[in-house]
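In what follows, a single structure is set out as structure tokens and then discussed.
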Amino acid sequence: MTDESGAELWKEHQSAFDRVRAVAVTLSEPKPADWIAEQAHVAGNTARDHLQRLVEMNVLRTATGGTATRYEPDPLYTRMQALRNLLDDRTRDDLLELRGDLQEQVEEWQTEYDADSPSDLRERAAHADTAEATREMRRTANDWDIIVYRLQLVEDAIEHYSDYAGSTPAPA
């Protein structure tokens, strides 16, 4: 199957709004409407209309700077979606187990690198003896940042489990 036929199938089975949302919520950096339109296989004006609606729904936010309006996922929306995904099909005990696994990974890195935090590890990477050691420490520091963020989410889910679990999310 070619990329073109994949795009045609996507267009056939997903609305323009859904395609714009699918592209926009996965952005790792702000992008202009025309870029999003191209990725979502819609016209620029269509993308702008849907992006504005997503901003109004607090799914996206606009980024300042540059000549064109750029869009990025709203961090609060992203956090709530991540919490929802954690709570789906998990009990409080499952979350406690996950918390332990994440803490264990952090403790392993603290011991292995004799570092207290990802930023401490990055500082060590700046003084590593080899390029490979530098790259490895930077990769680990990036992974550590992700684990710390995930650990915060898990702890939030555990702390508010009775408030969050069992609630039905509103459609976006």
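What is the calculated FRET efficiency for Met57 to Ser162, with r their C-beta to C-beta distance and R₀ = 25 Å, to the nearest 0.05?
For Met57 and Ser162, the calculated efficiency is 0.40.
In degrees from 0 to 90, rounded to the nearest 10, what is the angle of the helix 131-159 Cα long axis to the longest principal axis of the chain?
80 degrees
Can you give the helix-only mean residue ellipticity at 222 nm for the chain, where every DSSP H stretch with n ≥ 4 adds -39500 (n - 2.57) and the sum goes over all residues, rounded to the nearest 500 deg cm²/dmol?
The helix-only estimate for the chain comes to -21500 deg cm²/dmol at 222 nm.
Would you check the accessible area of Val55, probe 1.4 Å, heavy atoms only, in square angstrom rounded to 10?
30 Å²
Within a Cβ distance under 15 Å of Glu97, other residues only, what is the Lys/Arg minus Asp/Glu net charge?
Computed value for this residue: -2.
Please give the per residue accessible area of the chain, computed with a probe of 1.4 Å over protein heavy atoms only, in Å².
Here the residues of the chain average 64 Å² of exposed surface.
How large, in percent, is the carbon and sulfur part of the accessible surface of the chain at a probe radius of 1.4 Å?
Accessible surface attributable to carbon and sulfur in the chain totals 46 percent.
Sorted by accessible area with a 1.4 angstrom probe, largest first, how do Met137, Met57 fall?
Output order, biggest surface exposure first: Met57, Met137.
At Asp89 and Leu9, where each label point lies 7 Å from the Cα along Cα→Cβ, what is the point-to-point distance in nanometres?
Simple spin-label model gives 2.3 nm for this pair.
For semi-axes √(5λ) of the Cα gyration tensor in Å, the choices are (1) 36, 19, 15; (2) 35, 24, 15; (3) 22, 19, 18; which was calculated from the structure?
(2)
Report the charge-dipole magnitude of the chain in Debye, nearest 20, computed about the Cα centre from +1 at each Lys and Arg Cβ and -1 at each Asp and Glu Cβ.
About 960 debye.
What full-extension length gain, to one decimal in nm, is calculated for Ala131 and Gln152 as 0.36 nm per residue of separation minus the Cα-Cα distance?
Answer, rounded to one decimal: 4.4 nm.
Suppose every K and R has +1 on its Cβ and every D and E has -1 on its Cβ; what is the size of the dipole of the stretch 43-141 about the Cα centre, in Debye to the nearest 20? Each step should come with its number before you reach the end.
On the way: 14 positive and 21 negative charges, 184 e Å.
Once rounded to the nearest 20, the dipole reads 880 debye.
I'd like the accessible area for Thr140, computed on protein heavy atoms only with a 1.4 Å probe and all protein chains in place. Round to 10 Å², please.
Spelled out: Thr140, probe radius 1.4 Å, area about 10 Å².
Give me the accessible area of Tyr149, 1.4 Å probe, in Å² rounded to the nearest 10.
Looks like 90 Å² after rounding.
The values are calculated or read from the model by the stated rules, or taken from the named source; none is laboratory data. If you're wondering where the values come from, they're calculated on a predicted model, not measured in any experiment. Quick reminder, even Gly has a Cβ in these numbers, built from the backbone with ideal geometry, and neighbours come from all protein chains shown. Heads up: the accessible areas ignore ligands, DNA and RNA and are worked out on the full protein's heavy atoms, side chains in. Shrake-Rupley method; radii C 1.70, N 1.55, O 1.52, S 1.80 Å.
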